[in-house]
């Protein structure tokens, strides 16, 4: 869900993502750390508010973005149709 929100509007603040997803900020932080570890997102300090950070997509999300946004609403098996084995292993490890 985080990726879907960022595909629609890149550069959101962590708090904005929490509101859009209907979860608490610490939950989003945990999700973002995992996605960052997979190379799908990165963060930068918000120039207008040094206490906040902006989340940006990386080039690592390219294989997944091709399948969005409707991909998020289909069963995983259908979403992953056409992926290479390397894509599937990478997604499964994240």
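No lab work stands behind these numbers, since they all come straight from the coordinates. Everything numeric in this text was worked out from a predicted model, so none of it was measured. Cβ placement follows ideal geometry from the backbone for every residue including glycine, while neighbour counts extend to all protein chains displayed.
Within the bounds of the stretch 3-19, is there any residue that is within 29 Å of residue 86 (Cβ to Cβ), part of a helix (DSSP H, G or I), in contact (Cβ under 8 Å) with a residue 12 or more places away in the chain and more than 12 Å from the chain's Cα centre (by Cα)? Taking every residue of the stretch 3-19 in turn, none turns out to be within 29 Å of residue 86 (Cβ to Cβ), part of a helix (DSSP H, G or I), in contact (Cβ under 8 Å) with a residue 12 or more places away in the chain and more than 12 Å from the chain's Cα centre (by Cα). Scanning the stretch 32-51 for residues that are in a helix (DSSP H, G or I) and in contact with a strand residue (DSSP E or B) (Cβ under 9 Å, 6 or more places away or on another chain) yields 32, 35, 36.
If you go through the stretch 16-28 and keep only what is loosely packed, with under 13 Cβ neighbours inside 10 Å and touching a strand residue (DSSP E or B) at 6+ places or on another chain (Cβ under 7 Å), you end up with nothing.
Would you point out the residue of the stretch 29-48, among those that are more than 12 Å from residue 2 (Cα to Cα) and free of Cβ contacts under 8 Å to residues at least 12 places away in the same chain, that is surrounded by the most Cβ atoms within 10 Å (Cβ to Cβ)? Ranking the qualifying residues of the stretch 29-48, first place goes to 45.
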